[in-house]
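Beneath this line is the structure, given in structure tokens, with notes to follow.
Derivation of every value follows stated rules applied to the coordinates shown; laboratory data play no part. Fair warning: this is a prediction, and the values are worked out from it, not measured in the lab. Cβ atoms come from the backbone with ideal geometry, glycine included; neighbour counts cover every protein chain shown.
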Amino acid sequence: MPFFIKSTNHGFMATALGFSAGIMLYVSFVEIFTSKSIQGFERAGFPANKAYQYATLSFFAGMLITWLLDLICHGLIHLQDYLQARKEMREGSVEASKVEGSALSRVTKNSDTDLEMAAACAQSAAAAAETGTEV
């Protein structure tokens, strides 16, 4: 295949690698599912049709548990960022959002813009309070 392509086509390479990875995953899962899981249930004394059902149920239950753990882990990470951002906002540390990688810049994509707008409003309110004018 590399001899027929004149230049590096990144789209083609990504597609080919994704396709080959999918085939390898499929072969691995089918091998584990048919030889290990079903045979394990059959050796445990279940009939063949029940062994297949239990193996299928176990496979999808494992997928569900993995998905739930992924949601919980990402939820905890985002919760930590959110709580850190609220703490920084309460302490008045507006400049912390400008530091790359701070919790305030990771909360949302628009957090820097929102925080800059909030800081500008706070500065104008403080300036108005000093001069005695209304905003």
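So the values come out like this:
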quantity	calculated
Share of pairwise Cα separations in the stretch 4-93, more than 14 Å, in percent	79
Label point distance in nm, residue 84-residue 12, each placed 7 Å from Cα along Cα→Cβ	4.4
Estimated vicinal HN-Hα couplings, Hz - the stretch 41-46 in sequence order (Karplus 6.51, -1.76, 1.60; Gly, Pro = x)	5, 5, 5, 7, x, 7
Karplus-derived HN-Hα couplings along the stretch 48-53 (A = 6.51, B = -1.76, C = 1.60, θ = phi - 60°), whole Hz, x at Gly and Pro	4, 5, 6, 4, 5, 5
Sorted peptide list for 47-55, 13-21, criterion being average Cβ within 10 angstrom, highest first	47-55, 13-21
Table column - 3J(HN,Hα) (Hz), the stretch 29-36, Karplus curve with 6.51, -1.76, 1.60, x for Gly and Pro	5, 5, 5, 5, 5, 6, 8, 8
Approximate spin-label separation residue 33-residue 65, in nm, with each point projected 7 Å along Cα-to-Cβ	1.8
